[in-house]
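Some notes on the structure that comes next.
The values are calculated or read from the model by the stated rules, or taken from the named source; none is laboratory data. All values derive from a computational prediction rather than experimental measurement. All Cβ positions, glycine included, derive from the backbone under ideal geometry; neighbour counts span all protein chains shown. Please note that ligands, DNA and RNA were not included when accessible areas were found on the heavy atoms of the full protein model with its side chains. Shrake-Rupley method; radii C 1.70, N 1.55, O 1.52, S 1.80 Å.
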Amino acid sequence: MYMSRIALNHRRRGAVKLLGSRHAMHAAVMSAFAPGTTTESAEGRVLWRVDRRDDAVDLLIVSPSEPCLVHIGEQAGWTTGSPWATRDYTTFLESLSAGEEYVFRLTANPTHRMTADDGRKQIVGHVTSAYQRQWFKERAERHGFELVASAADDVEDPREELVVSERDTAVFRRGQRQVTLVTASFEGRLRVADADLLRRALTHGIGRAKGYGCGLMTLLPAS
């Protein structure tokens, strides 16, 4: 597995186009892999995420094959400095072990099933912060981690370090049908409970809408 990062110049016309359309960004990401290149396997699949912090915008990609991001750099990147960086991700994945703590970030599509008036089952996005938070917490155990609790002012009232931000609802067309995509970013601190399950989550994604930039969780060692 590989992890790649490319800084986008959000003032360039090409970057505006990519950042304004999940279809366009998905197409650009998948174009980074030559025909016949493995983009989904037992080891993992292509996942991507756009990170915005202050005035910086980064496109992050995890993939089972090494990408070529020349076209994204020419269309939407910066003309100075290193255009992008790709590193081996497997070494980090294999180093994960139970009990270790990490700071995490995930942009996801939190959803639930409901029954419509006509009896049909539907997948609907959670739109409130409380339900989005609950959605994330329910997936912790099945993906091999637990949220780390920190002591509040009252040590009898521990709370999990979980921040829900960048909540958004986008409506667009996919072919002949309209798509409503609810997204939210989750940040906090976790402890590894099952390294194999967590490795799968990091390489196969969490939740739905992975083709639209959702599901990619990243970790940094907790200080």
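Odds and ends about this structure:
- The range 1-59, accessible area per residue, ligands and nucleic acids excluded (1.4 Å, Å²): 54
- The alpha carbon centroids of the range 124-149 and the range 26-80 are separated by 26 Å.
- Calculated P(r) tail over 18 Å for the range 1-113, as whole % of Cα pairs: 55
- Under the convention that each Lys and Arg Cβ holds +1 and each Asp and Glu Cβ holds -1, the size of the dipole of the chain around its Cα centre is about 1300 debye.
- Length, then width, then depth: along the principal axes, the Cα atoms of the range 66-223 run 52, 52, 30 Å.
- Computed over Cα pairs, the Kirkwood radius of the range 15-73 leads via Stokes-Einstein (1.567 mPa s, 4 °C) to a diffusion coefficient of 106 µm² per second.
- Mean separation of Cα contacts under 8 Å, 6 or more apart, over the residue count of the range 74-223: relative contact order %: 34
- Options Gly125, Met30, Gly144, ranked by Cα towards positive dipole end of the range 1-149, top entry (Cβ charges): Gly125
- Surface share of carbon and sulfur [accessible, 1.4 angstrom probe, percent] for the range 49-127: 51
- Computed from backbone phi, the HN-Hα couplings of the range 132-138 come to 5, 4, 5, 4, 5, 4, 5 Hz, rounded to whole numbers (Karplus: 6.51 cos²θ - 1.76 cosθ + 1.60, θ = phi - 60°; Gly and Pro given as x).
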